[in-house]
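To keep things clear, I will list the structure first and then write my remarks on it.
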Amino acid sequence: MRVVHNSLHEQVADMLRREIFSGLLAPGAFVDEKALAVRLDISRTPLREALKVLTAEGLVRHEPRRGCFVNEVTERDLDEIFPVIALLEGRSAHEAALRASDADLAALEVLHENLQKSARSKRIVDYYDTNYAIHEAISTLADNRWLAQVIGDLRKILKLARLQQLHAPGRLEQSLSEHMAVFAALRARDATGAEAAMRTHLTRQREALRELARQHSRRLA
């Protein structure tokens, strides 16, 4: 495979990002620069520039004299990230409620109908995809590039953790209820209500993940 685009390091960064998110490059894995350069048929310079981008995003870390490794997200990281992203996404929902047009809300309604169908059918992968699309749509409606940028960066870190909070007992139904509460507030142009509902949604995600971690620990004991 040879990467031939003009922004070579950006294309390499995109490819590595996809491999990290897919698990092909697992958390803690060594990023073998020499092997990657051979596989992509590129020099080490654009590869190192790409790794700088991923390091800035928090997806990889550089260790002196050892090289780059895919970052691992700890429980402490999650405890620190979730309160922050809850505040930010809450504010995003607040601004979206003030700016959304009737057409915007109609498009969101379709997404929420798809979310309900996925929940009823227990299609968790489809639910995750639609859930992501809803969060992205709300961020777009907020029309605040600074909010979108910081939320996007934090979501990359959470994606790195490969979270599976919907597997917690009852979480799928609870998540759907939370999403519908956010949407109801958006449709009512209730900015304060939308912000509170979104913050609750993110806070409960973290609670579900803690419960999964506790269950895992009990199984190992």
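The values are calculated or read from the model by the stated rules, or taken from the named source; none is laboratory data. These figures come from a predicted structure and were not determined experimentally. Here Cβ is always computed from backbone atoms with ideal geometry, including for glycine, and neighbour counts include all displayed protein chains. What goes into the accessible areas is simple: the full protein's heavy atoms, side chains included, and nothing from ligands, DNA or RNA. Shrake-Rupley method; radii C 1.70, N 1.55, O 1.52, S 1.80 Å.
Counting only helices (runs of 4 or more DSSP H) that sit completely within the range 1-88, those holding 2 or more residues that are in contact with a strand residue (DSSP E or B) (Cβ under 6 Å, 6 or more places away or on another chain) and without any contact (Cβ under 8 Å) to a residue 40 or more places away in the chain correspond to 44-57. Look at the range 141-153: where a residue is modelled with pLDDT of 95 or more, no partner that is open to solvent by less than 40 Å² (accessible area, probe 1.4 Å) and aromatic (Phe, Trp, Tyr) sits 6+ places away or on another chain with Cβ atoms under 6 Å. For the range 213-220, state whether one or more residues are in contact with a Leu (Cβ under 8 Å, 6 or more places away or on another chain) and not small (Gly, Ala, Ser). The answer is no; no qualifying residue exists.
Which one is farthest from the chain's Cα centre (by Cα) among residues in the range 92-123 that are in a loop (DSSP other than H, G, I, E, B) and surrounded by 12 or more Cβ atoms within 10 Å (Cβ to Cβ)? Applying the filter and picking the extreme gives Ala100. Regarding the range 124-147, can at least one residue be identified that is assigned to a helix (DSSP H, G or I), open to solvent by less than 70 Å² (accessible area, probe 1.4 Å), over 22 Å from Arg17 (Cβ atoms) and out of contact with any helix residue (DSSP H, G or I) (no Cβ under 7 Å at 6 or more places or on another chain)? No, that holds for no residue. If you go through the range 188-208 and pick out every residue that is out of contact with any Leu (no Cβ under 8 Å at 6 or more places or on another chain) and outside any helix (DSSP H, G or I), you end up with 2.
In the set (1) surrounded by fewer than 19 Cβ atoms within 10 Å (Cβ to Cβ); (2) modelled with pLDDT of 90 or more, Gly58 fails one condition alone, (2).
Of all the criteria given as (1) of a type in the set (Gly, Ala, Ser); (2) open to solvent by 40 Å² or more (accessible area, probe 1.4 Å); (3) more than 24 Å from Leu209 (Cα to Cα), the one not satisfied by Ala50 is (2).
Looking at Ala185, Ala213, just one residue is open to solvent by less than 40 Å² (accessible area, probe 1.4 Å) and modelled with pLDDT under 95, and that residue is Ala213.
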